[in-house]
Amino acid sequence: MRLYIRQKIFSWGDSFSVYDENGDTQYTVEGEVFTFGKKLHLYDRSNREIAYIEQQLFAFLPRYVIYRGDTAVAEVVKEFTFFHPEYTVEGPGWHVQGDFFDHDYSVTDTNGHNVASVEKEWFTLGDAYCIDIASEADFVTALAVVLVIDACIEAQRRN
């Protein structure tokens, strides 16, 4: 499944639209404003919440929990490295590596199989990138992982 994310430029807080290959909005992402830590809600086309992402504040390195309903399905943890960032997705046991600052990275499972890959779309108004999610992957969790990494990159840019 191929999806495209385009950040809305003029919005209060985090606001993303997720499109399919035809340009139709499939999902929307809305961030809470005036909260401690990052909190994102992922909605489907019927405006039902399908995932909720919450930053854990009292952690040494960035850590986010992904919820589906009331159940935590994954935890994205930024690993301690000196040269380039790496992330582990606890729960499904995924690993994320690549060039995060250019939004060019991949998510792999424990066997090294590709779960999702992300590539930056250049020459667009606002941040935009393409996500290829493997057909057998949990696409909601994979999309949420990409949103978490985007939040980490944005926080690092601001510091």
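Structure data summary
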item: Cα-centre dipole for the chain with unit charges at Cβ (Lys and Arg positive, Asp and Glu negative), debye to 20; result: 460 debye
item: Potential lengthening between Gln156 and Leu61 on full extension [0.36 nm per residue; Cα-Cα distance subtracted]; result: 33.0 nm
item: ³J(HN,Hα) computed for each position of the stretch 141-150 - Karplus, 6.51 cos²θ - 1.76 cosθ + 1.60, integer Hz, glycine/proline x; result: 5, 4, 5, 5, 4, 4, 5, 5, 5, 4
item: Using alpha carbons only: equivalent-ellipsoid semi-axes of the chain, gyration tensor based, whole Å; result: 21, 19, 17
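Where a number appears in this text, it was derived from the coordinates with a stated rule and is not lab data. A quick note: this is a predicted structure, and the numbers were derived from the prediction, not measured. Every residue, glycine among them, receives a Cβ derived from its backbone with ideal geometry; neighbour counts consider all protein chains shown.
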